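Reviewing the structure listed below.
The values are calculated or read from the model by the stated rules, or taken from the named source; none is laboratory data. Owing to the predicted nature of the structure, the values given are computational and were not obtained by experimental measurement. Reconstructed Cβ throughout: ideal geometry from the backbone, glycine too, with neighbour counts over all protein chains shown. All accessible areas refer to the heavy atoms of the entire protein, side chains included, with ligands and DNA or RNA removed. Shrake-Rupley method; radii C 1.70, N 1.55, O 1.52, S 1.80 Å.
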Amino acid sequence: MQANKATVLTDLVLEIFRLNGRLIATGDALVAKIGLTSARWQVVGAVGLQREPAPVARIADVMGLTRQSVQRIVDALEKAEIVEFRPNPHHKRAKLVALTPRGRALNNAAMRLQRPWAEALAAGIDRSALQNALDVLAELRARLEKTIEPGDRP
């Protein structure tokens, strides 16, 4: 008998949880040699993806993280001179976060390590299968985001 969609979705969610754990462990190992953890790399990468310096709340939203966890990491990165705070003309207390030259160098180094890792991991998997997986995960995330009111976000 074939499982219903809710059962398959539950199995998918459980697999995503297991995958997330492996990605964090692998990310930690991958960037340890350049002095980052996967959590710090995630925030450095998110800051690097912004076209201009951004407040912590935007960085957290883009990455699906809580503002408090990003703030804690950004504070540590600032002490390590990987990011810097800049004045925000739109909000006195919500400073903007930007990569320092050291932060840009670390982000570039992490991406140089990530590229061959991603190519090896994707080897043997059809590109269309990867695209389909991405599309399904993006749709599930979008549906979940619609169920949370903006003021209810952590």
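Using the Cβ-Cβ distance between Q71 and T147 with R0 set to 25 Å, the FRET efficiency from 1/(1 + (r/R0)^6) comes to roughly 0.50. Shape class of the stretch 20-154 from the Cα gyration tensor (axes a ≥ b ≥ c, square roots of the eigenvalues): oblate, since a/c reaches 1.5 or more and a/b does not exceed b/c.
Averaged per residue, the chain has 73 square angstrom of accessible surface, using a 1.4 angstrom probe with ligands and nucleic acids left out. Here the extension length gained between V8 and A29 equals 4.4 nm, from 0.36 nm per residue of separation less the Cα-Cα distance.
What percentage of the solvent-accessible surface of the stretch 1-105, computed with a 1.4 Å probe over protein heavy atoms, is contributed by carbon and sulfur atoms?
Working: 4070 of 7180 Å².
Answer for the stretch 1-105 is 57 percent, counting heavy atoms of protein chains only.
Tell me the trypsin sites (Lys or Arg not before Pro) within the stretch 83-154 that lie in a loop according to DSSP and have at most 16 other beta-carbon atoms within 10 Å.
Working: sites: K92, R93, K95, R102, R104, R112, R127, R141, R143, K146; in loops: K92, R93, K95.
In loop regions of the stretch 83-154 (DSSP not H, G, I, E or B), the sparsely surrounded trypsin sites (Lys or Arg not before Pro) are K92, R93.
Under DSSP H, which helices of the chain have Cα atoms covering 20 Å or more of the helix axis and a Kyte-Doolittle average no less than -0.5? Answer set is 5-32, 127-147. For GluC sites (Glu not before Pro), the sites in the stretch 1-102 that DSSP calls loop and that have at most 13 other Cβ atoms within 10 Å are E81.
Annotation note: trypsin sites (Lys or Arg not before Pro) in the stretch 1-60 located in DSSP loop regions with a Cβ neighbour count of at most 14 within 10 Å are K33, R51. Here is how the number arises for the chain: DSSP H runs of 4 or more residues each give -39500 (n - 2.57), the sum is divided by the residue count, and the result at 222 nm is -22500 deg cm²/dmol.
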